[in-house]
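Report on one structure; see the data block that follows.
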Amino acid sequence: MRGCLLGGYRLIAVLMVVVALCATAPANAGRAVTPSVGPIRPLVIAHRGASGVAPENTMASFEQAVKFGADMIELDVHGSKDGNLIVIHDSSTARTARGNPQGAVADLTLGELKKLDAGAWKGAGFVGERIPTLDEVLAAFKGRAMILIELKARGIEQKVAQAIREAGMQDCVMLQSFDAESVRIMRELLPETPAGVLYRDAWILDPVGRGRRIVKQAREVGASLAGMNVGAISAELVKALKNGGIGVFAWTADDDWIFEHLIKADVDGIITNYPERLVRFLGAPVDK
């Protein structure tokens with residue numbers, strides 16, 4: 001059943017409710033998301049699943065993230081030669097898959113991709129893991145977890161929107177991309193589903209000015225979130241974004257000192273390869 005996003009609350013207050021609702025899939029309505037203000041803990045977002053301990057973007061990694069208590073699973077999507085939506089980060093299979101044939105994801109069929117071992121590179125305990133499709137992940141985690149989908153290639157927007165609608169998960173996913181135009185297209189296709197633009201800034205000299213420019217772009221494409229590199233995060237930047245109605249996710253943080261910095265800066269979500277570390281850290285008080 002649909003109906004996970006509730007309107008009229010701060011982003012994190014909303015999304016913490018959404019996480020719980022997506023695990024039980026009740027019927028509720030509403031769409032708007034706005035940034036958090038105040039001491040609400042950030043969301044734990046598992047980067048490609050629990051990719052620090054399991055092979056990234058595999059069912060094993062996603063299952064482990066849920067077991068660790070992540071609020072959200074993040075994954076990446078490319079298109080295959082025969083038009084399927086493939087959950088993999090790189091445009092090539094070379095880094096994270098073993099076997100033949102190897103090559104660009106866009107040049108391989110689903111059948112060819114399914115022959116590859118997506119777990120062996122991470123350790124003997126993961127031999128036999130396969131590259132999943134977006135349809136498979138949505139089916140496996142519907143009613144169990146919220147999913148953050150990053151579109152890695154232009155031209156797959158229509159199929160991603162169709163997959164989400166067919167799974168009935170418009171309200172239990174979020175979308176993001178470094179390609180602002182892709183975000184704009186997705187917002188037109190799925191106006192009920194929140195989306196964010198990702199930014200590569202490693203550091204920012206003028207956080208207030210940069211924040212205002214990001215807000216302007218986000219509004220132009222219908223985004224309600226900005227995904228910022230942890231190196232760019234400052235309290236000033238986060239405040240500028242939130243003053244413009246834009247929530248903030250930070251990527252990618254794996255150590256306690258970075259967690260503490262991001263929490264003090266008041267980000268809305270932290271993307272991490274080690275969700276178990278962040279879950280544990282959030283159980284301890286942070287000196288504001």
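Bear in mind these aren't lab numbers, they're just calculated from the coordinates by the rules spelled out. What you are looking at is a predicted structure, and each value in this text was computed from that prediction instead of being measured. All Cβ positions, even for glycine, are placed from backbone atoms using ideal geometry, and neighbour counts span all protein chains on display.
Tabulated data
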{"read-out": "Footprinting exposure proxy for T96, T109 (fewest neighbouring C-beta atoms within 10 Å first)", "value": "T109, T96"}
{"read-out": "Label-to-label distance, nm, for residues given as E166 and R98 (7 Å Cα→Cβ offset)", "value": "3.2"}
{"read-out": "Segment D206-I40, length gained on full extension (0.36 nm per residue, minus Cα span)", "value": "57.1 nm"}
{"read-out": "Farthest positive-ward along the range 54-127 dipole, Cα basis, beta-carbon charges - from A70, G125, G103", "value": "G125"}
{"read-out": "Cα→Cβ-extended label distance, 7 Å offset, between L189 and R280, nm", "value": "4.0"}
{"read-out": "Volume per residue of the C-alpha convex hull in the range 95-188, rounded to whole Å³", "value": "118"}
{"read-out": "Cross-link partners of K122 among lysines (Cα-Cα below 27 Å; sequence separation of 8 or more within a chain)", "value": "K67, K81, K114, K142, K152"}
{"read-out": "Residues Y274, Y199, sorted so that the one with the fewest Cβ neighbours within 10 Å comes first", "value": "Y199, Y274"}
{"read-out": "DSSP-defined antiparallel bridges as percent of all bridges, the range 11-282, nearest 5", "value": "15"}
{"read-out": "Equivalent ellipsoid semi-axes, the range 220-279, via Cα gyration tensor eigenvalues times 5, rooted, Å", "value": "21, 12, 8"}
{"read-out": "Theoretical FRET efficiency, 1/(1+(r/R0)^6), r = Cβ-Cβ of E136 and E220, R0 25 Å, to 0.05", "value": "0.15"}
{"read-out": "Isotropically averaged projected area of the range 11-282, using the convex hull of Cα atoms (one quarter of hull area), nm²", "value": "13.1"}
{"read-out": "Calculated [θ] (222 nm, deg cm²/dmol) that DSSP helices of n ≥ 4 give over the chain, each run adding -39,500 (n - 2.57)", "value": "-10000 deg cm²/dmol"}
{"read-out": "Residues R144 and D107, FRET efficiency given R0 of 35 Å [Cβ-Cβ distance, rounded to 0.05]", "value": "0.60"}
{"read-out": "Low-density loop positions, trypsin sites (Lys or Arg not before Pro), the range 183-228 - DSSP coil, at most 12 other Cβ in 10 Å", "value": "R200"}
{"read-out": "Order of F62, F249 under a 10 Å beta carbon neighbour criterion, fewest first", "value": "F249, F62"}
{"read-out": "Relative pair counts by distance (%), Cα atoms of the range 179-225, 5 Å bins", "value": "5, 22, 29, 21, 13, 7, 3, 0"}
